[in-house]
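The values are calculated or read from the model by the stated rules, or taken from the named source; none is laboratory data. What you see is a predicted model; the values in this text were computed from it and never measured. Quick reminder, even Gly has a Cβ in these numbers, built from the backbone with ideal geometry, and neighbours come from all protein chains shown.
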Amino acid sequence: MPLPEPAFDTRSYRDLVTEALARVPVHNPEWNNFNDADPGVTVLQLFAFMAESVIYRANLIPERNRQKFLRLLGIGLQPASPARGLVSFALPPGAAPLDVRTDDELYAGQVPFRPERGLTALPLQCRAYYKKRVEEPRRSQIAQAYNQLYASVREAVQSLDFYETLPLAAPAAGALLPVVDLGQTVDRSLWLALLAPQADAASVTAARDAIGGRVLTLGVVPALDAEGKVLYPAGPPAASSRARLVFEIPDARSTTPSYAPLEVAYAEDVLAGPGLVDLRLPAAEALVSWETLGPLEVGVGGYPPALDNSEDLARLITWIRVRAPTPDNPAAAGGGQTRVALSWAGINAARILQRTHVEAERLSDGTGEPDQSVRLANLPVIVDSARLTVNGEPWQRVDDLSEAGPEVPPRAPLYAASTSSAPLPTAKAFTLDRESGEVRFGDGAHGMRPPLGALILCSYDYGGGPQGLVGIGAISRAPQRLPGVQVSNPVPTWGGSAAETVPQAEKRIPAELRHRNVLATTQDYTEITNHTPGVAIGRVEPLSLFHPDLPNQISEGVVTVMVIPLPDPHQPEAPSPDQLFLETVCAYLEPRRILTTELHVRGPAYRPIAVGVGIQAVPGEPEGPLADRVRQALLDFLSPLKGGFDGKGWPLNKAVEPAEVQAAATRVRGVAKVNGLVLADLDGNELPTGLSMSGLQLPRVAAVSVTSGAPPSVADLFGGPPPASEPPALPVPVAPEQC
């Protein structure tokens, strides 16, 4: 049995006062006034208050011993993770370019955020457009009308690709992020219209002069419905094999639709997650577009999309074409990515981190003794931000003090000669534990001791926890030094998580002692992946020698890890990880995997299935609540998180068999008999033998119908014609015809 946690004393302040007053008649019978105004009662209350404080401190001894034991094992508590996000700045009309610094604080309510890198916000506005291909039957109707109108001037071999100019909708709070797949547009491009603040020639000219030659920081948010991530052997993550976006601007010297590439001063992998790209704009005279096109040339071929919005057209400065490279394009590293989907693109963007800055916090003075330790006042600490000085001299943070140099350099001639080519490691070093805020110095042999009475100061940032997870538009307070500047986050923040508790860390002790943070066995993959900070994982399934794209063969050196998130508000019955989720897991597994292992991190591949069951209730059992219980039991039985007979999620490579599903319905309290069961796919085909599963496939219940008596037919199960396997296209209003 587990050892109970000892509590030396459980008495509270009120218990101590009551016990002391009960002893009064025994020791002093003449004392009969027990009101709060009596001086003797006041003395007893003071005693009880002080005793309660002593008891509280004594009861903390077991907790501190547990923390010390974890440190001796080298198992620290995982600190709270700070939330990250992306924001966009908008300058007021007439403003000059403004510098946004990393020490500027932005707020979502009372939660502070700071940019991770500075930028220059330009006096521009931006709107994103794309050319959506017109689908049938409207496409044939437009082509027929076009051929009749222009048959005399059109070449017979010329093929046309009709499109509509649509804006990329801004993300809205409480709704799914919009998605545009550049591979499904007519030109594989997203068009960013750079607009002046006001619709007049003077404003356009002033804005063009203000931004000429400057760096424009572009923020990009990819669609988060990622298929998976790959970590290749002894190399970086999959960014090296992912296609890269191409950024171009109209070539003012050409009278044909040609474009010049923009200089990329800084670029993140914006197809892996929300990121930034710094584009150096050309001189002001090159920031132009084609303004003298005829009615039959506007938006045709490689020209920018036609703008029906006259206000945007009057404010237009130039275009930036964000193009997805084709597979044979040399600009695409690897060249195999066919789907490039984006949810948002905007200018004047910055990555942010939930953090608060502390400047020059004074710690305990130096004692001159070895292994001195001091603690910072605010937790959890963002380690990379710590800057510590001793008597005004900066010291260096190290991971292990055993690697620090000695306080007194060696003077032996032989030793000095043998090490003259390699400098000694610094002795002015310290370590910092992010979770506890403990700063530890050396013992003299490994790291210098702070001198007696030395002034120790530390500047650092701290932050973390789920309070940093905010929705779209929640970050709205700009720095006070930037009056009139508006700031907003186009997507929800991500990555914030609570700190690990001591009981949670103690549960990791056997696993930590076994695998020592190295991914070697299947059990190691399960345990280490489950402890990924910043995400809530509901299920982990490692598959060795399995390649998700080659499921029918043994792949040496390949491991696939299937992860399923715990909460998914959009589809709670079939949770799927998004791109940020997979990136977080990859970042945690990358330093822990064996270098010769090719690691794939994927979500499940759901196969939709419809279930219909006819039941007979026990006499006296209400049929409505019973049908609801049966429906929930079937959803739970086929659930990826709590399904199966063991309640740990539907097993991989296990077919959905009608007899087992019928048994799950039979076990529901109040069911006397199951009259029949119907399984069907979304094409309306009945599955009398069930639905097979292989690889990463899991069932997803698309429809459940529970009836009293005979089971429903396939047509009744769907309530009409079976739905299409693919979601319907988004309806787009068509502009009325003009004569």
Item to check | segment 187-201 residues that are on the phi > 0 side of the Ramachandran plot, paired with ones that are not in a helix (DSSP H, G or I) (beta carbon under 9 Å, 6 or more apart) | outcome: Arg188/Arg323; Arg188/Ala324; Arg188/Pro325; Arg188/Thr326; Arg188/Val340
Next on the checklist: Which condition from (1) closer than 20 Å to Leu595 by Cα; (2) surrounded by 17 or more Cβ atoms within 10 Å (Cβ to Cβ) is the one that Val518 breaks?
Outcome noted: (2)
Checklist entry - Restricting the search to segment 620-645, which residues are aliphatic (A, V, I, L, M) and in contact with a Lys or Arg (Cβ under 9 Å, 6 or more places away or on another chain)? => result Leu626, Ala633, Leu638, Leu641
Checklist entry - Only one of Leu513, Leu543 is more than 21 Å from the chain's Cα centre (by Cα), outside any loop (DSSP other than H, G, I, E, B) and closer than 25 Å to Ala605 by Cβ; which? => result Leu543
Next on the checklist: Looking for something surrounded by 21 or more Cβ atoms within 10 Å (Cβ to Cβ) and either outside any helix (DSSP H, G or I) or modelled with pLDDT of 90 or more (or both) - is there at least one such residue anywhere in segment 550-560?
Outcome noted: yes
Next on the checklist: Condition (residue is under 20 Å from Leu687 (Cα atoms), modelled with pLDDT of 90 or more, among the aliphatic types (A, V, I, L, M) and assigned to a strand (DSSP E or B)) applied to segment 632-643: is it met by at least one residue?
Outcome noted: no
Next on the checklist: Pairs please, first residue from segment 684-699 and surrounded by 14 or more Cβ atoms within 10 Å (Cβ to Cβ), second anywhere and basic (Lys, Arg), Cβ atoms under 8 Å, 6+ apart in sequence or on different chains.
Outcome noted: Leu691/Arg607; Met693/Arg607; Met693/Lys654; Leu696/Arg602; Gln697/Arg607; Leu698/Arg607; Pro699/Arg607
Checklist entry - Where in segment 259-298 are the strands (runs of 3 or more DSSP E), entirely inside, with at least 3 residues that are hydrophobic (A, V, I, L, M, F, W, C) and under 38 Å from the mean Cα position of the chain (by Cα)? => result 263-267, 275-280
Checklist entry - Is there a residue in segment 5-14 that is charged (D, E, K, R), exposed (fewer than 15 other Cβ atoms within 10 Å of the Cβ), farther than 30 Å from Asn348 by Cα and modelled with pLDDT of 85 or more? => result yes
Checklist outcome for this item: Every listed condition ((1) modelled with pLDDT of 85 or more; (2) part of a helix (DSSP H, G or I)) holds for Trp319 save (2)
Checklist outcome for this item: With the first residue restricted to segment 95-111 and required to be under 13 Å from Ala350 (Cβ atoms), and the second required to be surrounded by fewer than 16 Cβ atoms within 10 Å (Cβ to Cβ) and of a type in the set (Asp, Glu), Cβ contacts under 9 Å at 6 or more apart or on different chains are Thr102/Glu116
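Yes/no matrix, rows are residues, columns are (1) under 30 Å from Gly465 (Cβ atoms); (2) modelled with pLDDT under 85; (3) not small (Gly, Ala, Ser):
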{"residue": "Val17", "(1), (2), (3)": "no, no, yes"}
{"residue": "Phe47", "(1), (2), (3)": "no, no, yes"}
{"residue": "Val54", "(1), (2), (3)": "no, yes, yes"}
{"residue": "Arg64", "(1), (2), (3)": "yes, yes, yes"}
{"residue": "Phe69", "(1), (2), (3)": "yes, yes, yes"}
{"residue": "Val87", "(1), (2), (3)": "yes, no, yes"}
Checklist entry - In segment 171-187, which residue that is more than 16 Å from Gly471 (Cβ to Cβ) and not hydroxyl-bearing (Ser, Thr, Tyr) is surrounded by the most Cβ atoms within 10 Å (Cβ to Cβ)? => result Val180
Item to check | Number of the condition not met by Pro651 [criteria: (1) out of contact with any helix residue (DSSP H, G or I) (no Cβ under 8 Å at 6 or more places or on another chain); (2) touching a residue at least 12 places away in the same chain (Cβ under 8 Å)] | outcome: (2)
Next on the checklist: Consider segment 647-704. How many of its residues are part of a loop (DSSP other than H, G, I, E, B) and within 20 Å of Gly624 (Cα to Cα)?
Outcome noted: 4
Checklist outcome for this item: Matching residues in segment 568-603 (of a type in the set (Val, Ile, Thr) and assigned to a loop (DSSP other than H, G, I, E, B)) number 3
